[in-house]
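Shown next, in structure tokens, is the structure this report addresses.
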Amino acid sequence: MKLTIDDVRSRFIKHFDGSTGSVYASPGRINLIGEHTDYNNGFVFPGAVEQGIIAEIKPNGTRKVDAYSIDLKDRTQFDLDDEKGPSATWARYIYGVCREMMALGVPVQGFNTAFAGDVPLGAGMSSSAALESTFAFALNDLFGENKVEKMELARVGQRTEHKYVGCNCGIMDQAISVLGKKGQLLRLDCRSGEYAYFPWEPKGYQLVLVNSCVKHELAGSPYNERRLQCEHVAEIIKQSHPEVESLRDATMEMLDEVQGKITGDEYKRARYVIGEVERVLAVCDALQHGDYEMVGKMMYETHYGLSKEYEVSCEELDFLNDIAKEEGVTGSRIMGGGFGGCTINLVANELADHFKKTVVEKFEAKYGKKPIVIDVVIGDGSRKLC
């Protein structure tokens, strides 16, 4: 069921003083292609979705933030000037955003807030980025007079992940959450911050997410290890090719030159990333020509790379990908950081209903639980609702 303003407002009134504040929202995201390329300074191609986070916020005249998570039924309070901050992970996202906005010179004051989300947790749709973006956008509006530009708000969310949660993520999730536009995908250059919008109006196709309901926790997973492996390979290549600052700049030929100087795992990780940077650009070109078969081909290649080279898949996600192939789905791949979550599927309209029914039946027969099928609608980024 779609989350509404009333769902959040009723809880805000109940848990605080009966009055109301301002309501803000930010979306989760899909990523058509370009996985694990963002922290390698490559290109990504995400879109905002209709599901996201909604928060009601009201300044309280103190230096304290009183926050209630509607979904977790948990409440915490922290002081804006406390160097340590709260211990609960969900509250550290809000605390980190507050601290980073203050570091930018925004005169953040204490506030009361209640928030909820309808982004499936652990599904690779970036519920954490939606939470960060909601509060960064809101604090900029309430206290900063909108002086911080949108890409910097995205960087506030990224720094929050790095410094307060312990996940060394790239910029993609926060950028699309803040910058998203209804009916458009965003090609983002994660090195320069430059971006361009591409209309997403596929004729004869639709995007379908299949949530395996296998939960992942990126901060505690091998996600950070993958990043360090990529950075190490880039350093080795740079010794012979000074122009290479990250794997985004490397070629397969350069990688092969240093194969004897790196581990087998490092070689596989880098091979995936270099190939993925090329695939994103191929998909952008294919979309401009309406070539959805090429888009699908690249998606399958990405899944293979994520599963066999980057090794961030799991049995359930590979099984979902196999079903997509068997059912004639145009393209399918893991979406998100991996280790669980969703597959994203590009499905011809005439196959969609049968695919949705079949994937649920086959997955339940094998694993004893139903996956969740989510139709993708590309929506708007961070905004004030009322």
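Laboratory data are not the source of any read-out in this text; all were calculated from the coordinates shown. Here the structure is a predicted model, which is why all the values come from computation and not from measurement. As a convention, Cβ positions derive from the backbone with ideal geometry for all residues, glycine included, and neighbour counts pool all protein chains shown.
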Working from the pairwise distances between different alpha carbons, so that the mean of 1/r is found and then inverted, what is segment 88-173's Kirkwood radius in Å?
13.0 Å
Would you work out the charge dipole size for the chain about its Cα centre, treating the Cβ of every Lys and Arg as +1 and the Cβ of every Asp and Glu as -1, and quote it to the nearest 20 debye?
1060 debye
Pull up all non-local amide H partners of GLY170: gap of 5 or more, or a different chain, and H-to-H distance under 5 Å with H placed in the peptide plane.
TYR39
Once SER87 and SER22 are pulled to full extension, the length gained, defined as 0.36 nm per residue separation minus their Cα-Cα distance, is 20.8 nm
As an exercise, use a Förster radius of 41 Å and the Cβ-Cβ distance of ILE13 and GLU194 to find the FRET efficiency, rounded to the nearest 0.05.
0.45
Rg over Rh [alpha-carbon atoms, Kirkwood Rh] for segment 174-295:
1.02
If each DSSP helix of 4+ residues adds -39,500 (n - 2.57) and the sum is divided by the residues in the chain, what number results at 222 nm, nearest 500 deg cm²/dmol?
-13000 deg cm²/dmol
Under 13 Å from the THR62 label point (7 Å along Cα→beta-carbon), backbone N, segment 80-102
80-81
On a 30 Å Cα-Cα criterion, which of the cross-link pairs LYS268/LYS325; LYS215/LYS357; LYS163/LYS325 come out too long?
LYS163/LYS325
LYS384: which aspartates and glutamates have alpha carbons under 15 Å from its alpha carbon, excluding same-chain residues fewer than 8 sequence positions away?
ASP6, GLU50, GLU56, GLU132, ASP141, GLU145
Kirkwood Rh in Å, taken over all unlike Cα pairs in segment 1-148:
15.9 Å
Simple spin-label model, 7 Å along Cα-to-Cβ: HIS162 to LEU72 in nm?
2.4 nm
How long are the semi-axes of the equivalent ellipsoid of segment 205-375, taking √(5λ) for every eigenvalue λ of the Cα gyration tensor, in whole Å from largest down?
32, 20, 11
Taking every DSSP bridge whose two residues both lie in the chain, the antiparallel percent to the nearest 5 is 90 percent
Out of GLY338, ILE372, HIS354 - ranked by how far each Cα lies towards the positive end of the dipole of segment 323-386, with unit charges on the beta-carbon of charged residues - the top one is GLY338
So what are segment 286-371's ellipsoid semi-axes, whole angstrom, largest first, if each one is the square root of 5 times an eigenvalue of the alpha-carbon gyration tensor?
21, 18, 9
Using alpha carbons only, what's the Rg to Rh ratio of the chain with Rh from Kirkwood?
0.98
GLU152 versus ASP285: modelled label distance in nm, points set 7 Å from Cα along the beta carbon direction
3.7 nm
Expected vector for segment 157-170, Karplus 3J(HN,Hα) from phi with 6.51, -1.76, 1.60 and θ = phi - 60°, integer Hz, x for Gly and Pro, equals x, 4, 5, 4, 4, 5, 8, 10, 10, x, 10, 7, 6, x
